[in-house]
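Here's the structure we're looking at; comments come further down.
Derivation of every value follows stated rules applied to the coordinates shown; laboratory data play no part. All of these numbers come straight from a predicted model, not from anything done at the bench. Cβ coordinates were reconstructed from backbone atoms using ideal geometry, including for glycine residues, and neighbour counts include every protein chain displayed.
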Amino acid sequence: MSSSKRGAFIVIEGLDRSGKSTQVSLLRDRLQDAENAGPTKVVMLHFPIRTTAIGKMIDAYLHSESELDDHTIHLLFSANRWELASTITAHLAQGTTVLADRYAFSGIAFSARKGLPYEWCRAPDVGLPAPDLTLFLNISPEVAATRAGYGLERYEKEEVQKGVKQVFDKIGREMQEDGGSEGKWVEIDAGKTKEEVAEDLWKAVEPLVNGVQGSIGRLW
Ligand code: T5A
Ligand code: NA
């Protein structure tokens, strides 16, 4: 990697059970093996990061072991990203590719679905490192519901996922229209086989394998 380049920040978003974690792992392996470029340094982050003090509160909430006001849990999810913001920036500056499983877009989608104002939902994430590329795994809530493990957590209900998808679609439209500081938004059909989805993701990611030019953007 030439010294003028930094690592790429790539986010995978999607509904619950759309295959995000599966694909982030496959992508990590493929980036590490990328033949022409030589091995790429990669770190994976799965938001929410459940091991921090804030992450433990989020985990209890998601398992319905605690109740929190909608505003409070929204701010905790955002704070959980801020806990990692300087780590993300440092990795990128060192030329490491950062792969995140969910990010601020999930934060907005799940909270706006509950009726919190869209602009209010965006506000606490203003200033976070912006991804260079967000890959949205698009799947119908009906198909997602047939996948293993569905229904174990708070939001894994079909009517919730439908509302969440509507907000994701709005975010995607806005990002495709403005193409600004928050990077590119690319939709991937996640209803295909794991191998097919991995292939489609790779096509979008490959141009970023050797790093990207320019400074790290900020949301929004
Ligand atoms: N949340 C999160 C907020 O409300 N605000 C926020 O700010 C953030 C960051 C937990 C919850 O938190 C909410 C959103 C969530 O409700 P999470 O830890 O990411 O977020 O949990 P989930 O989204 O529920 O993650 P899952 O692990 O359930 O789903 P994934 O990662 O999308 O799916 P994955 O890869 O684990 O696959 C699920 C199953 O499907 C199979 C897999 O083998 C697995 O069994 N599978 C496929 N089957 C058929 N075809 C394919 N192409 C498949 N790909 C995977
Ligand atoms: Na996951």
Aspartates and glutamates with Cα under 13 Å of Lys184, excluding same-chain neighbours fewer than 8 positions away: Glu13, Asp132, Glu174
With Cα atoms, 0 to 90° folded angle of helix 194-205 axis to the chain main axis: 60 degrees
The chain: most fluctuating residue of Gly172, Gly107, Gly151 per GNM, C-alpha cutoff 10 Å: Gly151
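Starting from the stretch 24-95, pick out the trypsin sites (Lys or Arg not before Pro) whose DSSP state is loop and whose Cβ has at most 16 other Cβ atoms within 10 Å. All intermediate terms of the calculation are to be shown ahead of the outcome.
Details: sites: Arg28, Arg30, Lys41, Arg50, Lys56, Arg81; in loops: Lys41, Arg50.
Sites meeting the loop and neighbour criteria: Lys41, Arg50.
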Nearby lysines by direct alpha-carbon distance to Lys56 (threshold 25 angstrom, same-chain neighbours under 8 apart not counted): Lys20, Lys114, Lys157
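Which net charge results when you count Lys and Arg as +1 and Asp and Glu as -1 among the other residues whose beta-carbon is under 13 Å from that of Tyr155? Intermediate results must be reported in sequence, preceding the final value.
Working: positive: Arg17, Arg102, Arg113, Lys114, Arg154, Lys157, Lys162, Lys165; negative: Asp16, Asp70, Glu153, Glu156, Glu158, Glu159.
Surrounding charge for Tyr155 is +2.
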Environment charge at Gly217 (Cβ cut-off 12 Å; Lys +1, Arg +1, Asp -1, Glu -1): +1
Highest-MSF residue in the chain out of Glu206, Glu182, Glu65 [GNM, Cα springs under 10 Å]: Glu65
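What is the dipole size for the stretch 34-91, taken about its Cα centre, with +1 at each Lys and Arg Cβ and -1 at each Asp and Glu Cβ, in debye to the nearest 20? Intermediate values should be presented prior to the final figure.
Values: 4 positive and 7 negative charges, 64 e Å.
Charge dipole of the stretch 34-91: 300 debye, to the nearest 20.
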For Lys41, distant residues with modelled amide H under 5 Å away: Thr97
Backbone N under 19 Å from the Lys56 label point (7 Å along Cα→Cβ), restricted to the stretch 64-84: 64-68, 73, 76-84
Folded to 0 to 90 degrees: helix 70-93 orientation relative to the chain principal axis, Cα: 10 degrees
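Taking every pair of distinct Cα atoms and averaging 1/r, then inverting, what Kirkwood hydrodynamic radius in Å comes out for the chain?
Details: mean 1/r = 0.0566 Å⁻¹.
Hydrodynamic radius (Kirkwood, Cα only) of the chain equals 17.7 Å.
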Folded to 0 to 90 degrees: helix 104-113 orientation relative to the chain principal axis, Cα: 20 degrees
Table column - 3J(HN,Hα) (Hz), the stretch 138-155, Karplus curve with 6.51, -1.76, 1.60, x for Gly and Pro: 8, 9, 6, x, 5, 5, 4, 5, 8, 7, 4, x, 5, x, 7, 10, 2, 8
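Could you work out the local net charge near Leu31, counting Lys and Arg as +1, Asp and Glu as -1, over the other residues with Cβ closer than 10 Å to its Cβ?
On the way: positive: Arg28, Arg30, Lys41; negative: Asp29, Asp33, Glu206.
Cβ neighbours under 10 Å give a net charge of 0.
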Interchain or long-range residues, amide H under 5 Å from Leu133's placed H: Phe9, Val11, Lys184
